[in-house]
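Structure first, commentary second.
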Amino acid sequence: MELQQTTLKDCFILKPRMFQDERGFFSETYNKQTFKEATGLDIDFVQDNQSISTYGVLRGLHFQRGPMAQSKLVRVVKGKALDIIVDIRKDSETFGKHISVILDDVEQKQLFVPRGFAHGFITLSKTSVFAYKCDNFYDKTSEGGIIYDDATLGVDWHLPKEDLIISEKDKQLPAFKEAIL
């Protein structure tokens, strides 16, 4: 597994080894021991989630607060998506900063998102299958979010606004400054 530190503290891009031949490929997408050796983190993932989205579907920016916060290991199983994470840890040197990473079914990169980050993605292909492991269970009472077009963050979602498909719930999310109070 290849490991790349991002510009955000504690966030990593991981690229599992792929074994290809005329039949296709095989890849071990997660191994707790290998992950711990590569990152130094002993994460216990307890929930796997998957979504299917069409071109232009934007999901996010979501997070969970307090003891129900989640670390995530995210990847695209099929298609292509732009993944965005925002550091919302007030004591972090990268607080309020964000990065974007293209995840697709060709390179098979994964992104480790630690607790204390808002997360979202947008599908850039006809469809995408997006999968993620979480180290804590979903808890509706702990959920929070930041509006996708927050002026403070200035996230470039790579698509024109008229192509975006956003849930009514996500359109009502607060601005960054209100969301992190």
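When you count the other C-beta atoms within 10 angstrom of each residue and take the mean per peptide, 94-103, 37-46 line up highest first as 94-103, 37-46.
Pairs over the 20 Å Cα-Cα cut-off, from the set K9/K161; K36/K78; K97/K177; K32/K109: K9/K161; K36/K78. If you plug the beta carbon distance of K36 and D91 into 1/(1 + (r/R0)^6) with R0 = 22 Å, you get a FRET efficiency near 0.35.
With a Förster radius of 45 Å applied to the C-beta separation of D149 and F19, the computed FRET efficiency comes to 0.60.
Remark: spin-label model distance Q47-F26 equals 3.3 nm, labels positioned 7 Å along the Cα→Cβ axis. Taking each residue as 0.36 nm, the span from Q5 to S167 lengthens on full extension beyond its C-alpha to C-alpha distance by 55.1 nm. Based on Cα contacts under 8 Å between residues 6+ apart, the chain shows a relative contact order of 28 percent. Counting only aspartates and glutamates at least 8 places from K15 when in the same chain, those with an alpha carbon closer than 12 Å to its own are E2, E28, D104, D105, E107. Among 52-63, 145-156, the peptide with the highest mean count of other Cβ atoms within 10 Å heads the list, and the full ranking is 52-63, 145-156. Here the sum of -39500 (n - 2.57) over DSSP H runs of 4 or more residues, divided by the residues of the chain, equals -2000 deg cm²/dmol at 222 nm, to the nearest 500.
Read-outs throughout are calculated quantities, based only on the coordinates presented, and are distinct from any laboratory measurement. Remember, it's a predicted structure, so these values are computed and weren't measured experimentally. All Cβ positions, even for glycine, are placed from backbone atoms using ideal geometry, and neighbour counts span all protein chains on display.
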